[in-house]
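A short write-up of the structure that comes next.
Nothing in this text is a laboratory measurement; each read-out follows from the coordinates by a stated rule. Keep in mind the model is a prediction, meaning the values are calculated, not measured. Cβ: placed from backbone, ideal geometry, glycine included. Neighbour counts: every protein chain shown.
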Amino acid sequence: MFLDEAIVTFRSGKGGSGAVAFHREKHVPRGGPNGADGGRGGDVIIIADRAKRTLYDFKLLDHYEAESGIHGLGNKKGKNGRNIEIKVPVGTILTDVQTGELIVDMTVHGMKFVLCKGGKGGYGNARYVSSVRQAPNFAQKGEPGETVQAQLELKLLADVGLIGMPNAGKSTLISQISAAKPKIANYPFTTIVPNLGVVSFRDTTFVVADMPGLIEGASEGIGLGFQFLKHVERTRVLVHVVDVFPVEESDPIENFRIIENELETYSAEIHSRPRLIALNKIDLISQEELEALQAKFEEFGFPLFVISAATGQGVQPLMNAMLDQVEAAKPEEQLEVLMPALEKKTDDSWEIEEEEEGFFRISGRRVERMVAMTDFENDSAVRYLQRKLDRIGITEKLRELGAEEGDTIAIGEFEFSFTDEQ
Ligand SMILES: Nc1nc2c(ncn2[C@@H]2O[C@H](COP(=O)(O)OP(=O)(O)OP(=O)(O)O)[C@@H](O)[C@H]2O)c(=O)[nH]1
Ligand SMILES: [Mg+2]
């Protein structure tokens, strides 16, 4: 209940492929290779932003993808894909859904984390020129992007606290303005633990807490009040809900004063926080009675709202004022990135497993990417890959494991035959 959660898929952009091209100039019979590189794919970057209060947006859109890089064309380098920056509330924890491992805890406003690195652009053939290979006729494919399915979790803190006497209609109000479904009943102390609701309003969201009712003596621990006043400590704005027609025929003004006194006794600081008064259940009294009551409440000097939590009448202006107060209490600061972007550690290790007689699977992020970036239609590119696999020791290891000419080697989605050129 106090935890906001969302499962979201993030994908970085693919790298563009490199080009195979040769100079074409008048009077130059055979130009040199000049195929350009592909562009880099965009990163997915997560940023902690204090102005975000809930994970509500991720319930509406749970898939984010950065732009891919453009392929190199002739001697023109492909354009890089744009990064996407995704803002999350401070305190959001990201966990990898597949492995269950913690990815990052976005603890500080302005913190930046590269969640999915964009694929590198493939090299154009110009990059493969060497003393022995003057006219390479192959290029590298772009590196694939990365996909991460992450669980986002956020401990919700209330921005607005609803306080008031038992039975005033606090739970009814939160159920009217959010998706929260608290128990509502016509007797005091229906609510025994606070309920939190996310209110989506004016293009943003804020969190409202429905507190159990307060009574005289709450500040000294009478009733359920004391433990709830503790929860109020974190809220920036209080809405004091007042029943205009209490069943036990008590006086709404007197009731209001009692609760305000309790608050002040409990904590002068909490008492000094912005306050809105919501006169509730106006559907139960006449217009004249309401006007007389309003006149008296205006003397307290707090912004005054008249509502019916049950019918929704007058609730919009109250929500407006709630959000104004929330935003005033927390001025919209320019998001300033305070530290260099953090990144996941990459792992260059690989391993070989003989899955069955004559079938070897090589796994590891780096080798899998090397293979994915190879153009298998092109013999030169394949030979180039083979030499790279040699260099990092894979051929040697295969030999050790008893691989023979013609055995199948699988890396990622690709399979090929083992040829030992030694
Ligand atoms: N007619 C009318 N009844 C209302 C209105 N708002 C709440 N009620 C009724 O008042 C009773 C108490 O409402 P709750 O929302 O449970 O009150 P609460 O402040 O959460 O009470 P506690 O949890 O006991 O502190 C219920 O029977 C509601 O249906 C209203 O605007 N008009
Ligand atoms: Mg309640």
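Given the pairs Lys79/Lys397; Lys59/Lys141; Lys76/Lys112; Lys52/Lys77; Lys79/Lys112; Lys77/Lys388, which span a C-alpha to C-alpha distance of over 28 angstrom in this model? Violating the 28 Å limit, Cα to Cα: Lys79/Lys397; Lys59/Lys141; Lys76/Lys112; Lys52/Lys77. Defining a contact as two alpha carbons under 8 Å apart and six or more residues distant in sequence, what relative contact order in percent does the chain show? Reported relative contact order: 14 percent.
Taking a point 7 Å out from the Cα of Thr265 in the direction of its Cβ, the residues of segment 175-218 whose backbone N falls within less than 17 Å of it are 213-218.
Helices meeting the span-like rule in the chain (full DSSP H runs, Cα extent of at least 20 Å along the helix axis, mean Kyte-Doolittle score of 0.5 or higher) are absent. Take every pair of alpha-carbon atoms less than 8 Å apart whose residues are at least six positions apart; their mean separation over the length of segment 1-99 yields a relative contact order of 36 percent. Using a Gaussian network model of the chain with C-alpha springs under 10 Å, which one of Ala328, Ala218, Ala180 is most mobile by mean-square fluctuation? Residue with maximal mean-square fluctuation among Ala328, Ala218, Ala180: Ala328.
Here segment 348-417 has an Rg and Dmax of 11.3, 30 Å, counting Cα atoms alone.
Taking label positions 7 Å along the Cα-Cβ direction at both Ser131 and Asp379, the computed distance is 2.6 nm, reported to one decimal.
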